[in-house]
1. Yes or no: Tyr44 open to solvent by less than 50 Å² (accessible area, probe 1.4 Å) and modelled with pLDDT of 95 or more?
2. I'd like the residue in the stretch 69-109 that is in a loop (DSSP other than H, G, I, E, B) and modelled with pLDDT of 95 or more and, out of all such residues, is least open to solvent (accessible area, probe 1.4 Å).
3. Just for the stretch 120-144: of the residues that are without any contact (Cβ under 8 Å) to a residue 60 or more places away in the chain and not in a helix (DSSP H, G or I), which one is surrounded by the fewest Cβ atoms within 10 Å (Cβ to Cβ)?
4. Inspect the stretch 233-249 for any residue being touching an Asp or Glu at 6+ places or on another chain (Cβ under 8 Å), in a loop (DSSP other than H, G, I, E, B) and crowded, with 21+ Cβ neighbours inside 10 Å and give the result as yes or no.
5. Specify which of the listed residues (Arg267, Arg185, Arg181, Arg271) is touching a strand residue (DSSP E or B) at 6+ places or on another chain (Cβ under 8 Å), open to solvent by 30 Å² or more (accessible area, probe 1.4 Å), outside any loop (DSSP other than H, G, I, E, B) and over 17 Å from Phe123 (Cβ atoms).
6. From the list Gly49, Gly14, which residue is buried (at least 20 other Cβ atoms within 10 Å of the Cβ), over 28 Å from Asp189 (Cα atoms) and touching a residue at least 40 places away in the same chain (Cβ under 8 Å)?
7. Those residues that are outside any helix (DSSP H, G or I), under 24 Å from His114 (Cβ atoms) and either out of contact with any Lys or Arg (no Cβ under 7 Å at 6 or more places or on another chain) or open to solvent by less than 50 Å² (accessible area, probe 1.4 Å) (or both), I need them from the stretch 202-222; list them, please.
Amino acid sequence: MDLVTTPRLYAYTGGKEFDPTLPTIVFLHGGEQDHSVWILQSRYMAHHGYGVLALDLPGHMRSAGPALATIESMAEHIAVALKACGTERLILVGHSMGSLIALELGTALRDKTHGIALIATAFPMRVSDALLDATKNSPPRAMDMINVWSHSASIRAFDRKPSSPGPGFSNVWGNLRLMQRVAQRNGSDVLRADFAACNAYQRGAQAVAELTCPALFILAASDSMTPAHAAQPLIDACKDATVLTLPGTGHSLMAEDPDGVREALRRFATRAFGRAAA
């Protein structure tokens, strides 16, 4: 589905035709990724009574670009598209960089936003100088660094074995290939833009304090990219915060514990929208 905005913004609707009269869950991915990181959660919610818009951010995969340089400009662009699509009841779900975008959207669309779920978030979301330099001067090396740090040690060790719960499937290599596809389709500057935007964003504590809806924090106990404790400034500033830490998971927790993330979102949507899923 293409949302009405310029440049064009793509949204995956979970295998169901989008109905703007339904309570809608908007999924926002992290740096150098796309809507597919939400496939196990977005499809479930779409088939249980919710509208789903799992976006490719501007300049990422199927959405026209270039990639935008700031968290604020990303949120502004998405806000225009969401207003145009006609839905009046939203939950915003963001992972990593997407969680910062969700914060900005939650204030821009406060009259429509019933809840906000921040997954693997941190504030400030600092990026090391070494990694920032690599995103500019050696993107393949940066992708390797990010991919290792994005998974728990148990997942990295298991994926090195010759077997897997799903034969032929690997969280680690699948995530790396996704990052490579984004670069191939949209250019190597997307990686630099995304991580520089996260590093520069300064409004986190202010934005979360301005929220008028409940917030759910889903954190990963073994996250090396955004350690669980790094979300504390946002939690402390939030008026209505629920915190869930998933054990044994790393930064890519939607893939490492898809059922845990899905169930947390299902419960939160029931609370935020005041209705059970169909």
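The values are calculated or read from the model by the stated rules, or taken from the named source; none is laboratory data. Please read all numbers here as calculations on a predicted model, not as lab measurements. Cβ placement follows ideal geometry from the backbone for every residue including glycine, while neighbour counts extend to all protein chains displayed. The area values use the complete protein model at the heavy-atom level, side chains included, leaving out ligands, DNA and RNA. Shrake-Rupley method; radii C 1.70, N 1.55, O 1.52, S 1.80 Å.
1. no
2. Leu109
3. Top of the filtered list is Ser128.
4. Yes.
5. Answer to the selection: Arg271.
6. Residue meeting the stated conditions: Gly14.
7. Passing the criteria: Arg203, Leu211, Cys213, Pro214, Ala215, Leu216, Phe217, Ile218, Leu219.
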